[in-house]
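Each remark here refers to the structure printed beneath this line.
The values are calculated or read from the model by the stated rules, or taken from the named source; none is laboratory data. Note that the coordinates shown come from a computational prediction; the quantities given were computed from them, not determined experimentally. Because the Cβ atoms are built from the backbone with ideal geometry, glycine has one as well, and the counts that use them run over all protein chains shown.
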Amino acid sequence: MSRLDDLLVDFCPDGVEYKKLGELCKIATGKLNVNAKVEGGQYPFFTCAKEPWRINTFAFDEEALLISGNGNVGYVHYYKGKFNAYQRTYVLYDINENIFFIKYLLNAHLVEIIEKELRLGSVPYIRLEALTNFPIPIVPKIIQQEIVRILDKMTYLEAELEAELEAELKARILQYEHYRANLFDFNSDTPDPTRTPHLTHLLQTLCPDGVEYKKLKDICIRQKGTSITAGEMKKLNKAGAPIRIFAGGNTFANVNYSDIPEKNVITKTSVIVKSRGNIGFEYYEHPFSHKNEMWSYAGKDENINIKFVYYFLVLNTLDFQLKAKSGKLPQISTPDTDNYPIPVPPLPIQEEIVAILDRFESLVSDLKDGLPAEITARRKQYEYYRNQLLTFKPKPPL
């Protein structure tokens, strides 16, 4: 048996008594609106955000738990000292039990209150009555301390694992970006381990004197989009429809052929220029169009692999972001892309570089999909063991 099992047998052989949270502490709320916050203020100001703001006045000087009543509903802060609070933030103080034991209980079981409110048709919110009646198992302080010790260690290990997984993803992305940049560095005489023996042979055979650069407009056709509005896109959007219309950023709509003029449908595999706001590029292989303030490029002939062009433009995204004109939204113009110099090695070299980068993209994509799933699985595992530790057999009524 573990030390915790031994303690439960010694101190709680017949089960555990439960009391209402309102019997174990004082529960208040703040009095202020969110706009009372002050940049660089002297004291923490707890609202329903996950990070406290600052303020120059305090209403509490306590060791307390602060619970978001709405917004990030159910989020629990611990703080000791002078602070202030938003009017929908609950402040629990003068807590008679181990405050961190109570915090872990709230983290584990407040979700049940929130889900109940949702089932009743309410917006996510914690009512004072529900919080006051929240059941707390009354176990001896020595057991509370042991549970807090175990959960502190589990929380640390879980956070450490998440940090390691996120660092691994970041490192792989940086490695990919480094290799991509090296693949497009045709002026270096230094042997590049990124390049396959086949690519090295192709470069030595087909480009012994280096690679020619041309303007994008000389190797690609610039394509216009359609005059569709955002409202029309929203109205016409149908999941699974064959034509995708891009509207900048990550916004798009899928529509049918009958929804836009045939002349506005682009069927060539292309690079789409996201010219406003979050400036960047998208590679697309299926029938599509885009709003008129955007444009796209397809290769002029079979000697241009348009995905090679796409990868090169993505590598140089920062150049275009720096070219963007300031205003309500950053924006580039067609000459910014038309006149951009693009390396044009023979097609076999373009295809080999695309094949290498496709493999890198696939590896990074697998990591992006796999690591969040791993993190989610670890969190669920942690929550399961936490909830097991915080579940006690009720003492039978007398």
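When only residues in the range 322-373 that are in contact (Cβ under 8 Å) with a residue 40 or more places away in the chain and within 22 Å of the chain's Cα centre (by Cα) count, which is farthest from V273 (Cα to Cα)? Within the range 322-373, the match that is farthest from V273 (Cα to Cα) is L371. Annotation: T132 fulfils all but one of (1) modelled with pLDDT of 95 or more; (2) polar (S, T, N, Q); (3) exposed (fewer than 15 other Cβ atoms within 10 Å of the Cβ); the unmet one is (1). Out of all the residues in the range 233-280, which are among the polar types (S, T, N, Q) and surrounded by 14 or more Cβ atoms within 10 Å (Cβ to Cβ)? N237, T251, N254, N264, T269, S270, S275, listed by residue number.
Residue-by-condition table, conditions (1) in the same structural domain as N305 (by TED's automatic domain parsing); (2) of a type in the set (A, V, I, L, M, F, W, C); (3) closer than 17 Å to T229 by Cα:
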{"residue": "F246", "(1), (2), (3)": "yes, yes, yes"}
{"residue": "V255", "(1), (2), (3)": "yes, yes, yes"}
{"residue": "S258", "(1), (2), (3)": "yes, no, yes"}
{"residue": "P261", "(1), (2), (3)": "yes, no, yes"}
{"residue": "K268", "(1), (2), (3)": "yes, no, no"}
{"residue": "F281", "(1), (2), (3)": "yes, yes, no"}
{"residue": "E285", "(1), (2), (3)": "yes, no, no"}
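For the range 354-398, taking the residues that are farther than 26 Å from L151 by Cα and assigned to a loop (DSSP other than H, G, I, E, B), the one that is modelled with the highest pLDDT is identified as P396. Scanning the range 30-60 for residues that are hydroxyl-bearing (S, T, Y) and at pLDDT 95 or above yields Y43, T57. Against the condition surrounded by fewer than 14 Cβ atoms within 10 Å (Cβ to Cβ) and hydrophobic (A, V, I, L, M, F, W, C), how does F11 come out, does it pass? Yes; evaluated as a whole, the condition is true for this residue.
So, in the range 360-386, of the ones that are exposed (fewer than 12 other Cβ atoms within 10 Å of the Cβ) and not hydrophobic (A, V, I, L, M, F, W, C), which residue ends up nearest to V211 (Cα to Cα)?
Filtering the range 360-386 for residues exposed (fewer than 12 other Cβ atoms within 10 Å of the Cβ) gives 362, 365-366, 369, 373, 376-377, 380, 384.
Filter once more, so that each one left must be not hydrophobic (A, V, I, L, M, F, W, C): 362, 365-366, 369, 376, 380, 384.
Details: S362: 27, S365: 30, D366: 33, D369: 36, T376: 47, K380: 53, Y384: 58 Å.
Selected residue: S362.
Among the residues of this structure, E63 counts as one that is closer than 21 Å to V148 by Cβ and at pLDDT 90 or above. Just one residue in the set I55, I136 is in contact (Cβ under 8 Å) with a residue 12 or more places away in the chain and closer than 30 Å to K395 by Cβ; that residue is I136. With respect to the conditions (1) out of contact with any Asp or Glu (no Cβ under 8 Å at 6 or more places or on another chain); (2) in a helix (DSSP H, G or I); (3) within 20 Å of C220 (Cβ to Cβ), I342 lacks only one, and its number is (2).
For the range 42-100, residues that are part of a strand (DSSP E or B) and farther than 22 Å from R127 by Cβ total 16.
If I ask for residues that are touching a residue at least 40 places away in the same chain (Cβ under 8 Å) and either in contact with a helix residue (DSSP H, G or I) (Cβ under 9 Å, 6 or more places away or on another chain) or over 14 Å from A28 (Cβ atoms) (or both), which ones from the range 69-84 would you list? Result: G69, N70, V73, G74, N84. Against the definition (part of a loop (DSSP other than H, G, I, E, B), at pLDDT 90 or above and either touching a Cys at 6+ places or on another chain (Cβ under 6 Å) or polar (S, T, N, Q) (or both)), how does N107 come out, yes or no? Considered against the rule, which asks whether it is part of a loop (DSSP other than H, G, I, E, B), at pLDDT 90 or above and either touching a Cys at 6+ places or on another chain (Cβ under 6 Å) or polar (S, T, N, Q) (or both), N107 comes out as no.
Within the bounds of the range 24-46, is there any residue that is in contact with a Ser or Thr (Cβ under 6 Å, 6 or more places away or on another chain), within 30 Å of P137 (Cα to Cα) and either free of Cβ contacts under 8 Å to residues at least 60 places away in the same chain or basic (K, R) (or both)? Yes, that holds for at least one residue.
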